[in-house]
1. Is at least one residue of region 32-46 at pLDDT 95 or above, in contact with a Ser or Thr (Cβ under 7 Å, 6 or more places away or on another chain) and on the phi < 0 side of the Ramachandran plot?
2. If residue 61 meets every condition in (1) crowded, with 18+ Cβ neighbours inside 10 Å; (2) of a type outside the set (Val, Ile, Thr); (3) modelled with pLDDT of 95 or more; (4) not in a helix (DSSP H, G or I) apart from one, which number is that one?
3. Across region 23-58, which residue is least open to solvent (accessible area, probe 1.4 Å) among those that are outside any helix (DSSP H, G or I) and of a type in the set (Gly, Ala, Ser)?
Amino acid sequence: MSDWVLYYLLGVNILTFLVYGIDKSKAKRKAWRISECTLLMLAVIGGSVGALFAMRLFHHKTLHKKFRYGVPLIMALQVVVALMLI
């Protein structure tokens, strides 16, 4: 795997983790929230690992079925695609 792919995945996962954390903080303060579509799209574009870590660490979106099952499914599909490309 080339370096730029690794840097991209590292960056998008850090960004995703931070955005999930920000959304959890906003939820606690009853402030304007980040849309669920944005949170899921971050996982789709490569941030699924960051999303899962954030969900577990911040206990955020863990009761929503589309996150509880969707994010692990997205990650599994990404792993399958990565293995097929190797």
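The values are calculated or read from the model by the stated rules, or taken from the named source; none is laboratory data. Remember, predicted model here, so these are calculated numbers, not experimental data. Here Cβ is always computed from backbone atoms with ideal geometry, including for glycine, and neighbour counts include all displayed protein chains. Side chains are part of the model used for accessible areas, which takes the heavy atoms of the whole protein and leaves out ligands, DNA and RNA. Shrake-Rupley method; radii C 1.70, N 1.55, O 1.52, S 1.80 Å.
1. yes
2. (3) is the only condition that residue 61 fails.
3. 31
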